[in-house]
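Q: I am attaching a structure below and will ask some questions about it afterwards.
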Amino acid sequence: MLTYKAARLAMGRRSDAGGDPGERDPEFVEQVLESVEPMLRWYFRAEVHGGEHIPAEGPALLVANHSGGLQTMESLVLFREVMRRHGKHRALHGLAHNLLFDDPTFRKYAGRFGALRAGHENARRAFERDALVLVYPGSDLDSFRPWRERNRVVFGNRTGFVRLVLENRVPIVPVVTVGAHEAFYMLTRGEKIARALGLKKLMRAEVFPIALSLPWGIAPATLPYIPLPTKMVTRFGPPIRFDLPADAARDPAVVTRCYDEVHATMQGMLDDLAAQRRWPVLG
């Protein structure tokens with residue numbers, strides 16, 4: 001699948017369409033979340049703490065750790081909690097990788113669910129509608145981190161989310177999930193393979209991940225797999241507000257300081273959840 005899409009990108013046939021905040025369909029969001037509720041409740045035993053920290057109104061950036069490769073089940077938990085707390089009309093827009101919007105089927109349904117092509121402009125348009133925006137700063141580095149790093153927050157020094165909140169004067173709501181990265185066993189990110197294949201230029205990917213998963217055994221982690229019934233526990237933290245002028249986003253020292261604060265806060269939250277976990281997968 002990724003090879004096909006990479007070829008399309010290389011040949012310059014990528015669509016520029018990347019979702020629009022106005023495309024979100026609250027009824028569709030509700031239907032999707034209701035359909036996955038049994039899976040989240042019984043298979044993943046999803047548990048959420050701190051949902052009261054989700055703002056009932058106004059814009060905010062939800063910053064989360066990323067797990068599970070391409071099958072990021074924890075995202076559904078975040079969307080479900082926003083709807084449970086504030087109803088289907090409280091918009092949450094997830095910023096998604098450019099590559100996904102090259103697929104016309106994904107683009108059609110993702111827009112109705114509220115997904116936007118990752119970028120500051122799309123996020124800004126959502127903030128102007130007083131919406132919530134979800135971002136995974138670590139992207140592929142985080143989502144494909146090896147098993148031994150499953151309880152680490154990996155952002156890879158990607159500071160774009162900090163500049164985004166400083167420029168738009170919106171708060172960050174930190175969110176962490178433990179257990180979601182135990183749905184399969186990541187062996188390696190495969191950064192050296194990715195560099196050899198030139199994947200960063202082709203598809204903005206820095207990894208060629210290899211995992212142990214069902215039913216494939218040891219295989220590329222980009223293949224769809226059957227997730228193990230791991231217990232997922234999610235925690236929303238209190239909003240982090242930076243009382244700084246918008247032009248602070250152009251100061252590297254300020255950006256680094258804010259980045260370090262968010263990363264340390266989230267790692268502490270994840271450490272707390274991981275310490276309460278008795279066994280991998282079983283929770």
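Q: Filter region 80-98 down to residues that are hydrophobic (A, V, I, L, M, F, W, C) and surrounded by fewer than 21 Cβ atoms within 10 Å (Cβ to Cβ), then give me how many there are.
A: Qualifying residue count, region 80-98: 2.
Q: Suppose we filter region 115-140 for residues that are outside any loop (DSSP other than H, G, I, E, B) and either more than 13 Å from the chain's Cα centre (by Cα) or over 19 Å from ALA246 (Cα atoms) (or both); how many remain?
A: Within region 115-140, residues that are outside any loop (DSSP other than H, G, I, E, B) and either more than 13 Å from the chain's Cα centre (by Cα) or over 19 Å from ALA246 (Cα atoms) (or both) number 16.
Q: Right, another one. When only residues in region 236-283 that are basic (Lys, Arg) and not in a helix (DSSP H, G or I) count, which is farthest from VAL162 (Cα to Cα)?
A: Among residues in region 236-283 that are basic (Lys, Arg) and not in a helix (DSSP H, G or I), the one farthest from VAL162 (Cα to Cα) is ARG278.
Q: Within region 141-178, can you find the residues that are under 15 Å from LEU62 (Cβ atoms), of a type in the set (A, V, I, L, M, F, W, C) and part of a helix (DSSP H, G or I)?
A: PHE161, VAL162, LEU164, VAL165
Q: Which one of LEU40, LEU2 is modelled with pLDDT under 90 and either surrounded by fewer than 20 Cβ atoms within 10 Å (Cβ to Cβ) or polar (S, T, N, Q) (or both)?
A: None of the other options fit; the residue is LEU2.
Q: Suppose we filter region 241-264 for residues that are touching a residue at least 12 places away in the same chain (Cβ under 8 Å) and under 20 Å from GLY58 (Cα atoms); how many remain?
A: 4
Q: Of the numbered conditions (1) over 14 Å from the mean Cα position of the chain (by Cα); (2) modelled with pLDDT under 95; (3) under 21 Å from ARG129 (Cβ atoms), MET83 satisfies every one except a single condition; which is it?
A: (2)
Q: Turning to a different aspect of this structure: Just the residues that are surrounded by fewer than 18 Cβ atoms within 10 Å (Cβ to Cβ) and over 22 Å from GLU206 (Cβ atoms), please, taken from region 126-149.
A: Those that are surrounded by fewer than 18 Cβ atoms within 10 Å (Cβ to Cβ) and over 22 Å from GLU206 (Cβ atoms): GLU128, ARG129, ASP130.
Q: Would you pick out the residues in region 154-169 that are in contact with a Gly (Cβ under 7 Å, 6 or more places away or on another chain) and buried (at least 17 other Cβ atoms within 10 Å of the Cβ)?
A: VAL154, PHE155
Q: If you don't mind, there's one more thing I want to ask. Name the residue, out of ALA56, ALA64, ALA60, that is out of contact with any Phe, Trp or Tyr (no Cβ under 7 Å at 6 or more places or on another chain), buried (at least 16 other Cβ atoms within 10 Å of the Cβ) and modelled with pLDDT of 95 or more.
A: After applying the criteria, what remains is ALA60.
Q: Consider region 200-239. How many of its residues are of a type in the set (Phe, Trp, Tyr), buried (at least 22 other Cβ atoms within 10 Å of the Cβ) and either in contact (Cβ under 8 Å) with a residue 60 or more places away in the chain or closer than 30 Å to GLU52 by Cα (or both)?
A: Residues that pass the stated criteria total 1.
Q: Within region 188-199, count every residue that is without any contact (Cβ under 8 Å) to a residue 12 or more places away in the chain and among the charged types (D, E, K, R).
A: Matching residues across region 188-199 total 2.
Q: Considering each residue of region 43-73, count those that are in a loop (DSSP other than H, G, I, E, B) and touching a residue at least 60 places away in the same chain (Cβ under 8 Å), and give that number.
A: Number of matching residues: 17.
The values are calculated or read from the model by the stated rules, or taken from the named source; none is laboratory data. Note that this is a predicted model, so its numbers are computed, not measured. Reconstructed Cβ throughout: ideal geometry from the backbone, glycine too, with neighbour counts over all protein chains shown.
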